[in-house]
Amino acid sequence: MSNKHTILSALKQSALDQHAMPTIDVVANNDDLVGQFNASLNTVAGTLHSEGGLAALQQAVDELIQQNMQVISLLDGIKGNRQVPETAHDLADIDYAVIPGDLGVAENGAIWVNQPSHRVTPFICENLILALAKDNIVANMHQAVKQVSLQPGELGLFIAGPSKTADIEQALVVGAHGACSLNVYLY
């Protein structure tokens with residue numbers, strides 16, 4: 001018997017019996033989900049804008065455009081000064097990307113984004129703006145994972161704050177691998 005077969009045989013003999021996964025009962029704290037979401041978002045270096053809705057977001061985008069920033073919007077009703085390009089390579093100079101968020105999680109400030117167009121958009125822009133409906137905030141990840149789904153070939157991800165790393169000399173660096181800031185507008 002070869003070494004490979006010896007190893008595989010030993011693994012089969014030591015394999016654990018299949019057991020059903022345990023039921024985990026999590027009691028969700030549904031009190032003031034927007035307040036919990038705001039506190040969690042602040043913890044991960046994000047900023048929440050809870051007043052003014054989409055009108056406040058469009059005003060902020062207009063101010064950015066007046067400052068000669070390049071703004072792309074993937075959110076219906078919000079107009080940037082750059083169109084969605086045909087290739088992701090044309091996103092390299094985007095200062096701000098406005099993207100719809102589908103679901104917010106109060107316990108950690110994460111936002112589920114089901115990205116319909118260029119997958120690189122939330123990562124290549126210098127600053128990220130997510131728009132989220134106030135009614136689409138759940139208390140915890142247990143509730144969130146029950147509500148999200150993807151079709152084959154789609155990209156979906158939870159975004160929690162701007163890009164961060166602390167592996168360089170144990171110093172926190174924001175924006176090292178993606179957006180330098182995250183602003184979330186509730187509507």
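The values are calculated or read from the model by the stated rules, or taken from the named source; none is laboratory data. All figures in this text were calculated on a predicted structure; none of them were measured in a lab. Here the Cβ is made from the backbone with ideal geometry for all residues, glycine too, and neighbour counts use every protein chain on show. Side chains are part of the model used for accessible areas, which takes the heavy atoms of the whole protein and leaves out ligands, DNA and RNA. Shrake-Rupley method; radii C 1.70, N 1.55, O 1.52, S 1.80 Å.
Among [x] 22.4, 87; [y] 16.8, 54; [z] 20.8, 74, find the value of Rg and Dmax of the Cα atoms in Å that was calculated from the structure presented, and write down its label.
[z]
Could you check the spin-label model distance between Ala166 and Glu154? Points 7 Å from the Cα along Cα→Cβ, value in nm.
Going by the 7 Å Cα→Cβ label model, 3.4 nm.
Applying the Karplus parametrisation 6.51 cos²θ - 1.76 cosθ + 1.60 with θ = phi - 60° to the phi angles of region 152-161, what ³J(HN,Hα) value in whole Hz is obtained for each residue in order, glycine and proline being reported as x?
Listing the rounded values in order: x, x, 8, 10, x, 7, 8, 10, 10, x Hz.
Any chance you could run the full-extension gain for Ala55 through Gln147? It's 0.36 nm times the residue separation minus the Cα-Cα distance, nm to one decimal.
Details: separation 92, 0.36 × 92 = 33.12 nm, distance 2.76 nm.
Result for the pair: 30.4 nm of gain on full extension.
Can you give me the distance in nm between label points at Val84 and Asp32, each placed 7 Å from the Cα along the Cα-to-Cβ direction?
3.8
What residues qualify as long-range amide H neighbours of Ala131, i.e. H under 5 Å apart, gap of 5 or more or another chain, H built at 1.01 Å from N?
Those qualifying (amide H under 5 Å, at least 5 residues apart or on another chain) are Ile99, Gly101, Tyr185.
So what's the back-of-envelope 222 nm ellipticity for the chain, counting only DSSP H runs of four-plus at -39500 (n - 2.57) apiece and dividing by all residues, rounded to 500?
On the way: 5 runs with 48 residues, N = 187.
Rounded to the nearest 500, it is -7500 deg cm²/dmol.
Counting only Cα, what are the radius of gyration and maximum Cα-Cα distance Dmax of region 49-143, in Å?
Considering region 49-143 through its Cα atoms, Rg and Dmax are 13.7, 42 Å.
Pulled fully out, how much extra length does the chain show between Ala39 and Ser14, if you take 0.36 nm times their separation in residues and subtract their Cα-Cα distance? Walk me through the intermediate numbers first.
On the way: separation 25, 0.36 × 25 = 9.00 nm, distance 4.62 nm.
Contour length minus the Cα-Cα distance gives 4.4 nm.
Sequence neighbours fewer than 8 away in the same chain don't count; with that in mind, list the aspartates and glutamates whose C-alpha is under 13 Å from Lys134.
Within the straight-line limit of under 13 Å, Lys134 reaches these aspartates and glutamates: Asp32, Glu51, Asp102.
Carbon and sulfur: what percent of the chain's accessible surface (1.4 Å probe)?
On the way: 5800 of 11300 Å².
Summing carbon and sulfur atoms, their accessible area is 51 percent of the total for the chain.
Stretch His5-Val173 to full length: gain in nm at 0.36 nm per residue minus the Cα-Cα span? Can you show the working numbers first?
On the way: separation 168, 0.36 × 168 = 60.48 nm, distance 4.76 nm.
Extra length available between His5 and Val173 comes to 55.7 nm.
About the Cα centre of region 5-118, how large is the charge dipole given +1 on each Lys and Arg Cβ and -1 on each Asp and Glu Cβ? Please answer in debye to the nearest 20. Let's see the in-between values first.
On the way: 3 positive and 14 negative charges, 77 e Å.
Here the size comes out at about 380 debye.
Can you give the local net charge around Val138? Use residues other than it whose beta-carbon is closer than 14 angstrom to its beta-carbon, Lys and Arg +1, Asp and Glu -1. Intermediate values should be presented prior to the final figure.
Numbers: positive: Lys134, Lys146; negative: Asp31, Asp32, Asp102, Glu107, Asp135.
Around Val138, the charge tally is -3.
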